[in-house]
Structure formats: structure tokens, C-alpha cells
Amino acid sequence: MQIVTKRLRWMAIGATVSWFFDPLRGPERRARVADAASRSITTVRAVAARVGAQLPPRARARVAAVVAKLPQPTRARDHALRERIQHEVLDPDEAARLLIDVHERRVTVRGAVADADEVVDLTDRIQVVPDVLSVECRVYPEHH
């Protein structure tokens, strides 16, 4: 029975890893999980602030210390969008030379490209990605 349980446990771990790192839907799934975690952290912070305000000063300080140790909520959707751009729009050589930053669905691209024509092409390719609001291209042509 223990062998069956152990094998089932490893199968579940394998299925979970496959689910998270699926090349097509993985970034979206990880973003959803990260969003749920961020919402939970935000809720805990709000409840702690509300309850902590009603506590004596010494207990309030302890609550504040615990809340300060909580991780800051992440920008999971922006991260997923950046991953999508890096894997679906850029080829590996471009991904190595360019830095993609996404903040509130606004994309900033920094780095070097082979020539000036690639700047316009790069901007056009990123702009058509779903959920991209704008693209700021801060790239420059390399001099050979």
C-alpha cells in the first residue's frame, strides 16, 4: 500500500509540474495562481491593519512586525505578459539582447537590434500581442 501511495504522490507532483510549466498555458496559469496569492496577502494585510488598530500598542507593534514580513504582492499579469512576449514574439537571439519590462500592460523594450528597420518591426510585433496597451521602444541599432 505504501508503494502505491508513494507512486501516486510522485504522479501528482509530475502532473502539477506539467500543468504549471506547459509551454502554451503555463504562463497564464502561473499568473492566475500568483494573482490569487497576491489577493490573499492583500486581504491578510487589510484584516491585520483593521484588527491591529483595536489592539493595545504593544500587541499592535507585534502585528505590524508580522505584517512587515509578508511578501509584497506581485504584478503577476505583467509578468505573464512579459513571458508571453519573450517566448512568442522574440526569437532566442533577440531575447538575449533585449530587456522587456511590463508595467500595467505597458511594455518598454531596451537593448540593441541589428538595424533601424528592426525597431519598427519589433514594435509592430509586440503591439499585436493581446493585452498590450502600448509599446515604448528604447532600442538602438548596433554599429558593426
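All of the numbers you see were taken from the coordinates with simple rules; none came from a lab. Please read all numbers here as calculations on a predicted model, not as lab measurements. For neighbour counting, all protein chains shown are included, and Cβ atoms are generated from backbone atoms with ideal geometry for every residue, glycine included.
Observations on the structure shown:
- Entry remark, the stretch 37-69: residues being within 30 Å of Leu81 (Cα to Cα), touching a helix residue (DSSP H, G or I) at 6+ places or on another chain (Cβ under 9 Å) and not polar (S, T, N, Q) number 4 in total.
- Near pairs, Cβ below 9 angstrom, 6+ apart or cross-chain, from the stretch 116-132 (over 13 Å from Arg106 (Cβ atoms) and without any contact (Cβ under 8 Å) to a residue 40 or more places away in the chain) to any residue that is surrounded by 14 or more Cβ atoms within 10 Å (Cβ to Cβ) and among the charged types (D, E, K, R): Glu118/Glu94; Leu122/Glu94; Pro130/Arg84
- Looking only at residues in the stretch 31-70 that are in a helix (DSSP H, G or I) and among the polar types (S, T, N, Q), the one that is surrounded by the most Cβ atoms within 10 Å (Cβ to Cβ) is Ser38.
- The residues of the stretch 101-132 that are over 18 Å from the mean Cα position of the chain (by Cα) and not in a helix (DSSP H, G or I), listed by number, are Arg110, Gly111, Ala112, Val113, Ala114, Asp115, Val128.
- Exclusive hit being under 26 Å from Asp22 (Cβ atoms) and small (Gly, Ala, Ser), set Ala80, Ala61, Ala65: Ala80
- Residue in the stretch 104-144 that is farthest from Gln86 (Cα to Cα), counting only those that are touching a Lys or Arg at 6+ places or on another chain (Cβ under 8 Å) and among the polar types (S, T, N, Q): Ser134
- Number of the exception - Arg9 against (1) surrounded by 15 or more Cβ atoms within 10 Å (Cβ to Cβ); (2) not in a strand (DSSP E or B): (1)
- Criterion: in contact (Cβ under 8 Å) with a residue 12 or more places away in the chain and either within 30 Å of Val135 (Cα to Cα) or among the hydroxyl-bearing types (Ser, Thr, Tyr) (or both) - qualifying residue of Asp22, Asp35, Asp91: Asp35
- Among the candidates Ser18, Ser38, residue that is touching a Pro at 6+ places or on another chain (Cβ under 9 Å) and among the hydroxyl-bearing types (Ser, Thr, Tyr): Ser38
- When the stretch 71-100 is filtered for residues that are loosely packed, with under 15 Cβ neighbours inside 10 Å, more than 12 Å from the chain's Cα centre (by Cα) and assigned to a loop (DSSP other than H, G, I, E, B), the ones remaining, listed by number, are Pro71, Gln72, Asp91.
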